Amino acid sequence: MTTSDFETFEELVAEGASVPTDGWDFSWFEGRATEERPSWGYARSMAGRLARASAALDIQTGGGEVLASAPRLAPLTVATEGWPPNVAKATALLHPRGAVVVASPEDAPLPFADEAFDLVTSRHPVRPHWAEIARVLRPGGTYFAQHVGPASVFELIEYFLGPQPEESRNGRHPDRERADAEAAGLEVVELRAERLRMEFFDIGAVVHFLRKVVWMVPGFTVDAYEARLRALHERIEADGSFVAHSSRHLFEARRPARTARPAG
């Protein structure tokens, strides 16, 4: 039986609307929604690189949960985050590990000197600022990240917003990001993409997801979308779940090492 076998539409929606949304801990969804994980295991691979780095930067760290999952951090580890509730959460989580959290808006230049880091990481940045990433990397340094890909969870987005323009569907395309990274002077070492199954088992999970991932349905509120939520609740009750697909790609790029000047 699912949660919705015991709760009404109103109860499920009220629960999804009341759960705190700070941080990137998705444990509340246990038993209520699932998302297939990419085959490459980003957190594990990131941890291996952090253990070998001397100075590392994690961009848009959220609540710091992914960075904190690494058993060993670089001797100098810094994280940036723009949303104040997440800044506070990340600070509480990462300061005991010796990492510094810097409040920095996602669209602002990175507040660090040129060539400050040999590793830059990010899990699901809103938009990678390639010129800034290249600027703060040391020659030979690596950018290692997992990005959200094109048309991610568009089954859910289009359920609420209707058909989206092609430009919106193809935003965040890995080929475009490759070109942008190369234009900033980075060499793309690896780029892998996967499309992954998601299921929502009750309407409360949908409400909480849309409150947490605010760019999916901008301006989402229960009142504004009550009719669509009620219809989706009935659909989930009849079908057992609502299926969507997330899009992810693994991105590794390197700033070229300096070449020695010829003698003479």
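The values are calculated or read from the model by the stated rules, or taken from the named source; none is laboratory data. Being a predicted model, the structure only gives us computed values, none of them experimental. Here the Cβ positions follow ideal geometry from the backbone for every residue, glycine too, while neighbour counts run over all protein chains shown.
If you go through region 14-33 one residue at a time, do you hit one that is part of a strand (DSSP E or B), touching a residue at least 12 places away in the same chain (Cβ under 8 Å) and surrounded by fewer than 20 Cβ atoms within 10 Å (Cβ to Cβ)? Before the answer, list the steps.
Initially, region 14-33 is screened for residues part of a strand (DSSP E or B), giving 33.
Checking the rest, the ones that are also touching a residue at least 12 places away in the same chain (Cβ under 8 Å) come to 33.
Pick out the ones that are also surrounded by fewer than 20 Cβ atoms within 10 Å (Cβ to Cβ) and you get none.
No; the residues of region 14-33 include none that is part of a strand (DSSP E or B), touching a residue at least 12 places away in the same chain (Cβ under 8 Å) and surrounded by fewer than 20 Cβ atoms within 10 Å (Cβ to Cβ).
Can you find even one residue in region 104-118 that is more than 19 Å from the chain's Cα centre (by Cα) and polar (S, T, N, Q)? No - not one qualifying residue is present in region 104-118.
The set of residues in region 174-196 being assigned to a helix (DSSP H, G or I) and more than 20 Å from the chain's Cα centre (by Cα) consists of Ala179, Glu182, Ala183. Right, Glu190: over 26 Å from Ala131 (Cα atoms) and either in contact with a Leu (Cβ under 6 Å, 6 or more places away or on another chain) or not small (Gly, Ala, Ser) (or both) or not? Spelling it out, it is not the case that Glu190 is over 26 Å from Ala131 (Cα atoms) and either in contact with a Leu (Cβ under 6 Å, 6 or more places away or on another chain) or not small (Gly, Ala, Ser) (or both). The residues of region 126-148 that are surrounded by fewer than 20 Cβ atoms within 10 Å (Cβ to Cβ), assigned to a loop (DSSP other than H, G, I, E, B) and touching a strand residue (DSSP E or B) at 6+ places or on another chain (Cβ under 9 Å) amount to a single one, Val126. The residues on offer are Ser168, Ser152, and the sole one that is at pLDDT below 95 and surrounded by 13 or more Cβ atoms within 10 Å (Cβ to Cβ) is Ser168.
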